[in-house]
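See structure below.
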Amino acid sequence: MLLRAAIVILVMLNLGAAGWWLFQPQPGVAAGMATAAPGLRLLKEVPAPFPPAVAATADAAAAPSPSAAAAPPAAAPGTPMATPAPAAPIAVEQPAVCLRFGPFADPAARSVARTALATAGVTAVAFDERARGVRGWKVFLPAQPSREAAVATAERLKAAGVADLFVMTEGADANSIALGRFSSETGARRRQTELRGKGVQAQVEPVGGTPAQAWLDARLPAGADRAALARIARSQPLDCAQLR
């Protein structure tokens, strides 16, 4: 019985010693707690807080302004300023210009004008407009200055072997010399060729309706001299889509 009591007492003593060693404060922790504990300070040693207005002014002065933050860094002295490259010019295509030259009295006159246009750098294409509603064709010499001049011209033609002529005395054809009337242009042109072989510069015109007309169509090159072209032949605007 006494032995059992002694064993219990020894166990209790051992447990008490172990608890004391486990739960006693560590030296480093105690020193830290002692250091972290605030000490006592006199009222006059506590710094007075800034007034609200002074604090706001100080905060505004310390904060960077938006303009200063957005401003690009200043270039170093002596550094040349970068010059923006000039914009490339935009080429504007000029619209095409087409003209119809004429009408010409006959294919020969058109051929002469075509050669002159080619010399000026313009390539022209022949265009023939057929006669419409024509009742006939006449071969004639234009009106002379007076009746006497017309009669004298007729006498010279007879002396040159030209027959079938008549001096017109009335209307719009007065003082002109009629050299024949034909139902077709082919017959009139044949008579004209015969007379020119005798040195007579006869002309051919339709009677009534719209006569056939000889034209030249052309697309003008860039920089064409319009004034020089006007001296070659009269012209009128032409839709380039109609150019043949």
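Just a few scattered comments:
- Residue within the stretch 135-151 that is of a type in the set (Ser, Thr, Tyr) and either surrounded by 11 or more Cβ atoms within 10 Å (Cβ to Cβ) or within 22 Å of residue 108 (Cα to Cα) (or both) present: no
- With respect to the conditions (1) under 20 Å from residue 111 (Cβ atoms); (2) out of contact with any Leu (no Cβ under 8 Å at 6 or more places or on another chain), residue 218 lacks only one, and its number is (2).
- Every residue from the stretch 212-233 that is in contact (Cβ under 8 Å) with a residue 40 or more places away in the chain and farther than 30 Å from residue 138 by Cα: 218, 219, 220, 221, 222, 224, 225, 228, 229
- Scope the stretch 134-152; condition part of a helix (DSSP H, G or I), in contact (Cβ under 8 Å) with a residue 12 or more places away in the chain and either at positive phi or among the aliphatic types (A, V, I, L, M) (or both); matching residues: 149, 150, 151
- Residue, modelled with the lowest pLDDT, within the stretch 212-244, restricted to residues that are loosely packed, with under 10 Cβ neighbours inside 10 Å and in a helix (DSSP H, G or I): 241
- Residue in the stretch 175-184 that is touching a residue at least 12 places away in the same chain (Cβ under 8 Å), at positive phi and not assigned by TED's automatic domain parsing to the domain that holds residue 216 present: yes
- Count of residues meeting criterion [in contact with a Lys or Arg (Cβ under 6 Å, 6 or more places away or on another chain) and of a type in the set (Gly, Ala, Ser)] in the stretch 189-234: 4
- Scanning the stretch 190-211 for residues that are surrounded by 13 or more Cβ atoms within 10 Å (Cβ to Cβ), assigned to a helix (DSSP H, G or I) and either free of Cβ contacts under 8 Å to residues at least 40 places away in the same chain or touching a Gly at 6+ places or on another chain (Cβ under 6 Å) (or both) gives 190, 191, 194.
- Filtering the stretch 103-133 to residues that are surrounded by fewer than 19 Cβ atoms within 10 Å (Cβ to Cβ), part of a loop (DSSP other than H, G, I, E, B) and of a type in the set (A, V, I, L, M) leaves 105, 120, 131.
- Sole exception among (1) free of Cβ contacts under 8 Å to residues at least 40 places away in the same chain; (2) touching a strand residue (DSSP E or B) at 6+ places or on another chain (Cβ under 6 Å); (3) surrounded by fewer than 18 Cβ atoms within 10 Å (Cβ to Cβ) for residue 155, by number: (2)
- All conditions but one from (1) of a type in the set (Ser, Thr, Tyr); (2) under 30 Å from residue 121 (Cβ atoms); (3) outside the structural domain of residue 113 (by TED's automatic domain parsing) apply to residue 235; the one that does not is (3).
The values are calculated or read from the model by the stated rules, or taken from the named source; none is laboratory data. This structure is a prediction, so every number in the text was calculated from the model and none was measured. In this analysis, Cβ positions are derived from the backbone assuming ideal geometry, glycine residues included, and neighbour counts consider all displayed protein chains.
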